[in-house]
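Some notes on the structure that comes next.
The values are calculated or read from the model by the stated rules, or taken from the named source; none is laboratory data. Predicted, not measured: the structure shown is a model, and the values here were computed from it. All Cβ positions, even for glycine, are placed from backbone atoms using ideal geometry, and neighbour counts span all protein chains on display.
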Amino acid sequence: MPKPIYVLSGPNLNLLGTREPEIYGHQTLNDVQALCAARAAAFGCEVVFRQSNHEGELVDWIQEAREKASALVLNPAAYGHTSVALLDALKMLVIPVIECHLSNPAAREEFRRQTYVSLAATGVISGFGAASYELAVEAAAGLIGAAKR
Ligand code: CA2
């Protein structure tokens with residue numbers, strides 16, 4: 001089995017499913033975790049699934065992914081729009097990086113239309129709700145050469 005696919009989520013996503021369901025859907029982050037694990041398993045892969053409200057903790061996990069992950073799926077949440085620290089950490093990775101968003105930030109407020117993370121991402125998947133994560137895991141599996149079982 002390849003190294004796990006790291007799936008990291010940024011601030012406030014621990015509250016997913018509790019508000020703004022018209023934008024973010026009804027599923028909780030636990031539901032999203034189960035979907036990611038199932039999609040990875042279909043490709044013979046595992047996920048390490050974590051969420052943090054703290055920028056530095058996300059930086060630590062991105063650094064950890066350099067050694068321990070085969071690919072990284074990252075929903076940076078609001079830090080995507082603000083954090084040069086996340087961008088700098090991502091630039092040190094040689095593994096595929098899939099940026100993922102539940103909503104489609106490009107169709108929302110002006111301040112959401114760009115992310116620093118995109119500058120270091122292999123690709124971006126946005127706007128499909130929880131399925132954005134599943135699609136991102138599938139993309140990551142494809143990029144590391146994992147075949148569907
Ligand atoms: O669409 C996404 O996944 C976002 O990354 C979500 C962020 C937002 O700042 C980005 O522009 C787009 C916000 C996450 C807020 O977390 C929630 C907490 C409770 C219910 C719903 C979302």
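Can you tell which of A71, A65, A77 is hydrophobic (A, V, I, L, M, F, W, C) and closer than 18 Å to L15 by Cβ?
Values: A71 fails: closer than 18 Å to L15 by Cβ; A65 fails: closer than 18 Å to L15 by Cβ.
Only one candidate qualifies: A77.
Looking across the stretch 3-20, the residues that are assigned to a loop (DSSP other than H, G, I, E, B) and near the ligand (Cβ under 6 Å from one of its atoms) come down to N12, L16, T18, R19, E20.
For every residue, the table says whether it meets (1) of a type outside the set (A, V, I, L, M, F, W, C); (2) out of contact with any strand residue (DSSP E or B) (no Cβ under 9 Å at 6 or more places or on another chain).
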| site | (1), (2) |
| --- | --- |
| R50 | yes, no |
| V59 | no, yes |
| L74 | no, no |
| H81 | yes, yes |
| V137 | no, no |
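Scan the stretch 121-135 and tell me whether some residue there is away from the ligand (no atom under 15 Å from the Cβ) and modelled with pLDDT of 95 or more. Checked the stretch 121-135: at least one residue is away from the ligand (no atom under 15 Å from the Cβ) and modelled with pLDDT of 95 or more. For the stretch 109-149, the tally of residues that are touching a residue at least 60 places away in the same chain (Cβ under 8 Å) and of a type in the set (D, E, K, R) stands at 4.
On the given criteria, is A146 surrounded by 13 or more Cβ atoms within 10 Å (Cβ to Cβ), assigned to a loop (DSSP other than H, G, I, E, B) and either at positive phi or more than 10 Å from the ligand (Cβ to nearest atom) (or both)? Yes: the conditions hold for A146.
Pick out the one residue from V48, V84, V59 that is in contact (Cβ under 8 Å) with a residue 24 or more places away in the chain, farther than 20 Å from V137 by Cβ and either within 16 Å of the ligand (Cβ to nearest atom) or surrounded by 14 or more Cβ atoms within 10 Å (Cβ to Cβ) (or both).
Working: V48 fails: farther than 20 Å from V137 by Cβ; V84 fails: either within 16 Å of the ligand (Cβ to nearest atom) or surrounded by 14 or more Cβ atoms within 10 Å (Cβ to Cβ) (or both).
V59 is the lone residue from the list that is in contact (Cβ under 8 Å) with a residue 24 or more places away in the chain, farther than 20 Å from V137 by Cβ and either within 16 Å of the ligand (Cβ to nearest atom) or surrounded by 14 or more Cβ atoms within 10 Å (Cβ to Cβ) (or both).
The residues of the stretch 1-19 that are of a type in the set (S, T, N, Q), under 20 Å from A37 (Cβ atoms) and surrounded by fewer than 24 Cβ atoms within 10 Å (Cβ to Cβ) amount to a single one, N14. Being polar (S, T, N, Q), exposed (fewer than 15 other Cβ atoms within 10 Å of the Cβ) and either at pLDDT 95 or above or over 15 Å from the mean Cα position of the chain (by Cα) (or both) is a condition met by no residue of the stretch 73-80.
Determine which member of the set A38, A34 is surrounded by fewer than 19 Cβ atoms within 10 Å (Cβ to Cβ), in a helix (DSSP H, G or I), modelled with pLDDT of 95 or more and more than 15 Å from the chain's Cα centre (by Cα).
Details: A34 fails: more than 15 Å from the chain's Cα centre (by Cα).
Only one candidate passes the filter, namely A38.
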